[in-house]
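Q: Before anything else, here's the structure in question.
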Amino acid sequence: MDNLQKQFKKGILDIIVLNLLSQNDAYGYEIISQLDTLSSGYYLLKEGSLYPVLYRLEDKFFIESYRKEEPAERAVPRKYYRITAQGLHHLDEMKEEWHQFSNITNQLLKG
């Protein structure tokens, strides 16, 4: 993967993760699996790439985490993430910016 493609993916992860969490609470591996499945493998992340995104979003109060006890198959509670009201507002702003950015960029690329 070239450097430009890596930078594009890195720059868009916040909006993608917030959008996923706006639909359902999820734990880290579940987010990784959803990204992989929904993007047909394009957004195949390692945990080391996802968790800094989650921690950054949590530090900005866009998401929050909580522990959830799973049925008997697991003794350790999983750490789930959910979007906050502030995160939903930020997601709406990011979507608006994304649409403007992509529309203008596509116009310029068409010539």
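Q: Within region 94-111, count every residue that is in contact (Cβ under 8 Å) with a residue 60 or more places away in the chain and hydrophobic (A, V, I, L, M, F, W, C).
A: Looking only at that region, the number is 2.
Q: Determine the pairs where a residue that is over 11 Å from D25 (Cα atoms), located within region 76-93, has a partner that is in a strand (DSSP E or B) and among the aliphatic types (A, V, I, L, M) with Cβ atoms under 8 Å apart, the partner being 6 or more residues away or on another chain.
A: Within 8 Å, the pairs are G87/I63; L91/I83.
Q: A further question follows. Need the failing condition index for E47 against (1) modelled with pLDDT of 95 or more; (2) touching a Gly at 6+ places or on another chain (Cβ under 8 Å), just the number.
A: Of everything listed in (1) modelled with pLDDT of 95 or more; (2) touching a Gly at 6+ places or on another chain (Cβ under 8 Å), E47 misses just condition (1).
Q: Just checking: which of the helices (runs of 4 or more DSSP H) contained wholly in region 1-60 hold 2 or more residues that are surrounded by 17 or more Cβ atoms within 10 Å (Cβ to Cβ) and of a type in the set (V, I, T)?
A: In region 1-60, the matching helices (runs of 4 or more DSSP H) lie at 3-23, 28-38.
Q: If we keep just the residues of region 80-94 that are part of a helix (DSSP H, G or I) and touching a Leu at 6+ places or on another chain (Cβ under 9 Å), which is surrounded by the fewest Cβ atoms within 10 Å (Cβ to Cβ)? Give the steps one after another, and end with the answer.
A: Initial filter on region 80-94 (part of a helix (DSSP H, G or I)): 85-94.
Those still in the list that are touching a Leu at 6+ places or on another chain (Cβ under 9 Å) too: 87-88, 90-91, 94.
Values: G87: 23, L88: 14, H90: 20, L91: 19, M94: 17.
Among those residues, the one meeting the criterion is L88.
The values are calculated or read from the model by the stated rules, or taken from the named source; none is laboratory data. Owing to the predicted nature of the structure, the values given are computational and were not obtained by experimental measurement. Virtual Cβ from ideal backbone geometry, glycine too; neighbours counted across all protein chains shown.
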